[in-house]
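Shown next, in structure tokens, is the structure this report addresses.
The values are calculated or read from the model by the stated rules, or taken from the named source; none is laboratory data. Please read these numbers as outputs of a predicted model, since none were measured by experiment. Cβ placement follows ideal geometry from the backbone for every residue including glycine, while neighbour counts extend to all protein chains displayed. Accessible surface areas use protein heavy atoms only, side chains included; no ligands, DNA or RNA. Shrake-Rupley method; radii C 1.70, N 1.55, O 1.52, S 1.80 Å.
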Amino acid sequence: MRHVYAFEKPLEAPLHDIEWLKQQLEPFQQWLRSDFAVRDMPKGFIWTTWELATNFFRDEKPLAAYTSEDFIYLSPELDEWKGFYAKAFADSPEPIRTYFNTITLNEILTIAGHELVHHSDFFVDDFSGDYEHSIWFEEGMCDYIARKHLLGRAQFNERLAMDQAIVEHYTPQFGTQPIDNFGQATYAPQNLTEIFYEYCRSFITVQQLVDVRYKGDITEVFRIYKEWHTNGRQTSLASCFTTEVKF
């Protein structure tokens, strides 16, 4: 996989941080190829600034992390991510704001991992970002796999607790609509907080399914998911699992 640096000013590039991210991602990519059916990796990462990722390479993208064509575009700037989260969670309780104000490169690492997991052939949808509903499974699973493999247990549990705190705080504002409603329409208003609220709900749901309900048997979770697809998606995906995850 190639790594391309796209910075208008050469000194803008945080070379040391990018090199660390590359080193951490290499064994993860090997695992995805061997164990998670990622046969066609993207051609490379485009490491760039937030402004170029969201307004130059693609118009009006809400955040500087996405896959387009054969490349993953990602900002490696920690301060840019801190600023993004500060805006998204400006009205949240102090523990949430403090958590995101003190994130480390591990946050960017798991975001990069999330984008790589999307390329797994285990997912039945074509990864194009235009599906209408039930994207909670793929988005939540991408977060789960990336965090489970790239973070330590304590860090994973800390991030899980933070996502749970976000859902608890914003549920009165955004509601408890069925998780299968998470789809393309969620992105239309470009409400960053609501989008992240749905990502948090998706991650928590997948974590509960894999770690709790199916006791770590991720193969069984994917079997039910694929059976739902093979049978024509006659019901909501969430209803195919034994009971709905409660928040």
Exercise for review: Could you tell me what fraction of 2.2 N^0.38 Å the Cα radius of gyration of the stretch 76-218 comes to, as a two-decimal ratio?
Suggested key: 1.01
Check your understanding: If Lys and Arg each add +1 and Asp and Glu each add -1, what is the summed charge of the other residues whose beta carbon sits under 12 Å from the beta carbon of residue 225?
Key -> -1
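Where does the chain land at 222 nm, in deg cm²/dmol rounded to the nearest 500, when only DSSP H runs of n ≥ 4 count, each adding -39500 (n - 2.57), divided by all residues?
-16500 deg cm²/dmol
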Check your understanding: What lysines could a cross-link reach from residue 82, if we take a straight Cα to Cα line under 29 Å and drop same-chain neighbours fewer than 8 places away?
Key -> 9, 22, 43, 61, 148
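Compare 186, 48, 98, 230 by solvent-accessible area with a 1.4 Å probe and give them largest first, with all protein chains kept in place.
Descending order: 230, 98, 186, 48.
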Review point. Across all directions of projection, what mean area in square nanometres is found for the Cα convex hull of the stretch 1-97?
Key: 7.8 nm²
Practice item. Multiply the residue separation of residue 22 and residue 161 by 0.36 nm, subtract the distance between their alpha-carbon atoms, and state the gained length in nm to one decimal. Key: 47.3 nm
Exercise for review: Hey, can you find the accessible area per residue of the chain for me, probe 1.4 Å, expressed in square angstrom?
Suggested key: 50 Å²
Revision key, fill the gap. One finds, for residue 3 and residue 101 with R0 = 25 angstrom and r their Cβ-Cβ distance, a FRET efficiency to the nearest 0.05 of 0.35
Review point. Taking amide H positions as placed 1.01 Å from N in the peptide plane, with prolines and chain starts having none, which residues 5 or more places from residue 66, or on another chain, fall under 5 Å of its amide H?
Key: 73
Check your understanding: For the chain, with only Lys/Arg (+1) and Asp/Glu (-1) charged at the beta-carbon, what is the dipole magnitude about the Cα centre, in debye rounded to 20?
Key -> 580 debye
Check your understanding: Restricting attention to the stretch 25-115, which GluC sites (Glu not before Pro) occupy a DSSP loop and are surrounded by at most 14 other Cβ atoms within 10 Å?
Key -> 60, 69
Exercise for review: Could you work out the Kirkwood radius for the chain, taking every pair of different alpha carbons, averaging 1/r and inverting it, reported in Å?
Suggested key: 18.7 Å
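What's the ranking of 220-227, 170-177 by average number of surrounding C-beta atoms within 10 Å, highest first?
220-227, 170-177
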Revision key, fill the gap. Relative contact order as a percentage, the chain, C-alpha pairs under 8 Å and 6+ apart, gives 17 percent
Check your understanding: Once the other residues with Cβ under 13 Å from the Cβ of residue 146 are scored (Lys, Arg +1; Asp, Glu -1), what is the net sum?
Key -> -2
Study note, to complete from the structure: Note on the stretch 32-106: contact order normalised by length, alpha-carbon pairs under 8 Å, 6 or more apart, percent, works out to 25 percent
Check your understanding: Which of the chymotrypsin sites (Phe, Trp or Tyr not before Pro) found in the stretch 4-107 are loop residues per DSSP with 16 or fewer other Cβ atoms within 10 Å of their Cβ?
Key -> 7, 56, 57
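Rounded, prolate or oblate: which one fits the stretch 1-52, using the alpha carbon gyration tensor with axes a ≥ b ≥ c (rounded when a/c is under 1.5, else prolate when a/b beats b/c, else oblate)?
prolate
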